[in-house]
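The values are calculated or read from the model by the stated rules, or taken from the named source; none is laboratory data. Note that the structure is predicted; figures quoted are calculated from it, not measured. All Cβ positions, even for glycine, are placed from backbone atoms using ideal geometry, and neighbour counts span all protein chains on display.
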Amino acid sequence: MDRERFHRLAEAAFRALPAVLLDRADNVVVWIEDRPDPELLAELGLDHPDDLLGLYDGLPLAERGVDTHGVLPDRVVLYQRPIERYARDEAVPVADVIWDTLVHELGHHLGFDDDQLERLERGEGPPAG
């Protein structure tokens, strides 16, 4: 799929996120890259570039203090080729994988733990608080 089409799917997924998530998000942008670089994969202990669909790069909201104003936005990175491969291998629409990856990575931005992320990914809504 070309980058423009993937970008449109990512934009649509972002616009479709529940307001309760977006209203809690602060100073975060969505970034699209082809694949994660080898250094990042090594740092995360991953062997194959398709093992990583997305990444949250920043400081979760719960860890921010008064001295974190004026910093560059946090990033949610979507890795296009791994997402496309996962969608093909699992026979699911690319848009669904983008959605799931956005929800998961945005959950990291909001400071959710693994249990909270799993609940969010199942569509049970965001944790209270």
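Observations on the model:
- Criterion applied to Arg64, Arg8 was being modelled with pLDDT under 90 and either among the hydroxyl-bearing types (Ser, Thr, Tyr) or surrounded by 11 or more Cβ atoms within 10 Å (Cβ to Cβ) (or both), and the one residue passing it is Arg64.
- Total residues in region 20-47, condition aliphatic (A, V, I, L, M), surrounded by 11 or more Cβ atoms within 10 Å (Cβ to Cβ) and either modelled with pLDDT under 90 or within 18 Å of Asp74 (Cα to Cα) (or both): 8
- Considering (1) assigned to a helix (DSSP H, G or I); (2) modelled with pLDDT of 95 or more, the lone condition that Trp99 does not fulfil carries the number (2).
- Qualifying residues in region 99-118 (those that are within 13 Å of the chain's Cα centre (by Cα) and of a type in the set (D, E, K, R)) - the one nearest to Trp31 (Cα to Cα): Glu105
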